[in-house]
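Before any comments, here is the structure.
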Amino acid sequence: MREAKRVSLRFAIVLLLAFISFNQLFAEDDTILYESFDKSFDGRWIVSEKEGYNGEWKHEKSEGHDDYGLLVSEPARKYAIVKELDEPASLKDGTILLQFETRLQKGLECGGAYLKYLRPQEAGWVPKGFDNESPYSIMFGPDKCGTTNKVHFILKHKNPKSGEYVEHHLKFPPSVPHDKLTHVYTAILKPDNELQILVDGEEKKKANFLSSEDFEPPLIPAKTIPDPDDVKPEDWDERAKIPDPEAVKPDDWDEDAPMEIEDEDAVKPEGWLDDEPEEIDDPEATKPEDWDEEEDGEWEAPKTDNPKCQEGPGCGEWKRPMKRNPAYKGKWHAPLIDNPNYKGIWKPQEIPNPDYFELDQPEFEPIAAVGIEIWTMQDGILFDNILIAQDEKVASSIRDTTWKPKFDVEKEKEKATEAAAGTDALGGFQKKVFEILYQVAEISFLSEHKDKIIELIEKAEKQPIITIGVLVSVVVVILTVFLKLIFGGKKAAVEKKPEPVAETSNTEGSSEEKAEENEEPAPARKRQSRRET
């Protein structure tokens with residue numbers, strides 16, 4: 001009995017120490033927000049009452065787990081909900097981590113599952129009126145619809161010269177995992193201007209806030225711009241080659257000679273059936289019992305190929321075949337020579353950019369609230385374990401203790417389901433192929449073709465039997481771009497300066513801009529027994 005008491009006491013002490021350590025971990029690192037949704041969100045999160053946002057949020061368990069989250073419960077709805085922080089969080093001092101889990105329990109064909117980190121209410125919004133126009137500092141998370149397939153990171157930055165807030169989009173963001181498992185997304189903002197994007201704890205993207213290679217438009221404008229008032233001189237000749245003005249058309253050049261002529265050497269094959277038609281009435285066709293000649297007209301049997309023509313060398317009127325005319329030369333053109341007046345491709349001269357400014361660090365706006373504002377065609381999207389912290393160890397600890405156990409269970413269940421269906425080997429191979437293809441889509445020199453590659457991959461996911469064909473197609477795209485890079489191509493005459501995007505009501509590239517496609521009614525049934533004339 002005493003031994004049992006000692007064991008119970010030791011166990012209680014261990015639990016107490018673990019509890020104290022956990023609390024100290026969060027106390028020491030000044031965790032700004034941690035929302036586990038273990039309790040109902042009522043009274044802590046505010047559901048928007050703005051017109052049109054009628055999606056119902058629910059406090060539900062993640063499928064197959066005892067862990068609760070915030071659930072998008074209905075498809076084809078707009079959703080908005082927000083939680084205010086006790087105090088606005090500054091993004092200017094030290095490292096800041098933004099992390100949350102989401103699970104697309106029914107997949108995602110068209111919709112977003114991202115978070116918005118909102119500015120203080122002095123910027124012009126109220127929690128019950130939270131909508132897509134509410135001003136935010138950062139938007140972060142997955143979004144997928146049509147050719148859009150990305151883990152957004154958008155910074156709204158105040159232009160120090162104009163005072164306008166401009167959306168700066170992360171270039172070449174990671175793709176959204178293509179399954180129904182729980183995934184955790186992490187954005188790490190560091191004081192040296194570095195940004196890291198992690199998916200399931202693995203780094204998928206590293207960027208610099210002040211680099212023009214990483215954000216579009218760049219936070220720091222170009223020092224010079226093409227002079228908008230500069231005009232190409234009238235005598236500026238951009239033609240590298242010109243027709244030889246001294247060239248003369250040869251006397252024997254016949255421009256009227258046809259490209260093809262009849263082959264006079266051709267002879268009609270022996271046994272040719274001149275009197276047999278190429279098509280005959282189908283002998284097996286019969287007039288339908290419900291055919292009404294007053295309504296449908298006189299019934300005629302459909303035509304079919306004449307079997308006699310197939311047995312013999314041919315039938316019908318025989319005509320000599322055509323052959324290329326050896327005298328054909330086509331329209332005469334003077335040969336091209338180097339243009340002695342060629343001055344190159346004209347472009348306006350560069351002038352100092354009047355909107356140029358320098359930054360040592362982005363002027364991050366503080367975060368006063370976290371909101372979810374989406375328009376989605378899918379239900380079953382579950383949000384959980386939303387974190388804002390200053391210590392990377394906290395984010396890592398939460399991933400290990402909350403996300404990893406759930407993910408492992410879901411992964412094993414997925415494997416068991418595939419094995420039971422007898423598709424484990426093929427399914428595993430295809431998943432590896434898809435993973436590689438999505439990684440290929442992130443290669444920077446393929447950026448112009450990313451949407452096309454993603455479209456091909458998504459098509460293969462819906463029709464796994466064409467996986468190899470899609471793989472070949474992607475390889476062709478890569479080789480084409482690679483060869484173009486090696487051998488070069490024509491460049492645009494004038495490089496246009498990207499126009500800053502002022503603060504707008506909708507976020508570029510997000511699924512909220514995707515309108516629902518109208519379904520076209522099926523055409524009326526057409527009777528086809530009677531041959532068309």
Q) By per-residue mean of other Cβ atoms within 10 Å, what is the highest-first order of 397-404, 214-221? A) 214-221, 397-404
**Q.** For the range 311-351, convex hull volume per residue from C-alpha positions, Å³
**A.** 264 Å³
Q: Scan around C145 for amide H atoms under 5 Å from its own, H built in the peptide plane at 1.01 Å from N, and keep only partners 5 or more places away or cross-chain.
A: G111
Q) Hey, can you rank 59-68, 331-340, 377-386, 222-231 by average C-beta count inside 10 Å, highest first? A) 377-386, 59-68, 222-231, 331-340
Q: Give me the Debye-computed log₁₀ of I(q)/I(0) at q = 0.23 Å⁻¹ for the range 80-195, equal point scatterers on Cα only, no solvent, two decimals.
A: -1.51
Q: Evaluate the Debye formula for the range 144-298 with equal point scatterers sitting on the alpha carbons, no solvent, and hand back log10 of I(q)/I(0) at q = 0.08, 0.12, 0.19 Å⁻¹, in q order, two decimals.
A: -0.73, -0.79, -1.23
Q: Could you list the square roots of 5 times each eigenvalue of the Cα gyration tensor of the range 221-269, that is, the equivalent ellipsoid semi-axes, sorted largest first and rounded to whole Å?
A: 55, 21, 8
Q | Whole-Hz ³J(HN,Hα) from phi, Karplus 6.51 cos²θ - 1.76 cosθ + 1.60, for the range 204-210, glycine and proline x | A | 10, 7, 10, 8, 10, 4, 9
Q.
Not counting ligands, DNA or RNA, and with a 1.4 Å probe, what is E392's accessible surface area in Å² rounded to the nearest 10?
A. 80 Å²
Q: Calculate I(q)/I(0) for the range 81-127 by the Debye formula, one identical point scatterer on each C-alpha and no solvent, and give its log10 at q = 0.27, 0.28, 0.34 Å⁻¹ to two decimals.
A: -1.18, -1.22, -1.43
Q. If you line up the Cα atoms of the range 232-300 on their principal axes, what length do they span on each, largest first, in Å?
A. 79, 49, 18
Q) Along each of its three principal axes, how wide is the spread of alpha-carbon positions in the range 338-394, in whole angstrom units, largest first? A) 70, 37, 25
Q) So for the range 249-358, Kirkwood radius off the Cα pairs, Stokes-Einstein at 10 °C and 1.306 mPa s: how many µm² s⁻¹? A) 71 µm²/s
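The values are calculated or read from the model by the stated rules, or taken from the named source; none is laboratory data. Just so it is clear, the structure is predicted and the values come from calculations on it, not from any experiment. Counting neighbours? That spans all protein chains shown, and the Cβs are built from the backbone with ideal geometry, glycine included. Protein only, heavy atoms only, side chains kept; ligands, DNA and RNA dropped before computing areas. Shrake-Rupley method; radii C 1.70, N 1.55, O 1.52, S 1.80 Å.
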